[in-house]
1. If you take the residues in the range 1-44 that are under 9 Å from the mean Cα position of the chain (by Cα) and in contact (Cβ under 8 Å) with a residue 40 or more places away in the chain, which one is nearest to residue 88 (Cα to Cα)?
2. Any idea which of 30, 8 is touching a Gly at 6+ places or on another chain (Cβ under 7 Å), surrounded by 11 or more Cβ atoms within 10 Å (Cβ to Cβ) and of a type in the set (Val, Ile, Thr)?
3. In the range 70-96, which residues are among the hydroxyl-bearing types (Ser, Thr, Tyr) and surrounded by 11 or more Cβ atoms within 10 Å (Cβ to Cβ)?
4. Within the range 48-65, identify whether any single residue is polar (S, T, N, Q), modelled with pLDDT of 95 or more, within 17 Å of residue 18 (Cβ to Cβ) and in a helix (DSSP H, G or I), and answer yes or no.
Amino acid sequence: MVNYIIRVSYTAANADTYDRLNVELAKYNVAGAIKADDGKGYYLPQGEYCYSGNEAINEVRDAVYRLSSTVQDEPQVLVVEVTTLSWAGFKLIEEA
């Protein structure tokens, strides 16, 4: 499996653009959160996503771009393959 961090932004996002994008990307296991080694989950900043899969980076980029374009025109998409990731200051996902 390959791990990716994905960034999607829009020049002029509508009020619900990212909410709709989150729902659509979640259908393909693209998450707006990340899990730490201790099992705790953290929300990523708006427009940032995490995905693990066997697809090549360009396939992931193209798929996210196509899907993002159905939510709102002219998305900007960045996909980065990661092997090690560290973060600070992200909001903890509270357990239900």
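1. 44
2. From the options 30, 8, the qualifying one is 8.
3. Filtering the range 70-96 down to residues among the hydroxyl-bearing types (Ser, Thr, Tyr) leaves 70, 83-84, 86.
Within the range 70-96, 70 is the sole residue that qualifies.
4. No: zero hits.
The values are calculated or read from the model by the stated rules, or taken from the named source; none is laboratory data. All figures in this text were calculated on a predicted structure; none of them were measured in a lab. Every residue, glycine among them, receives a Cβ derived from its backbone with ideal geometry; neighbour counts consider all protein chains shown.
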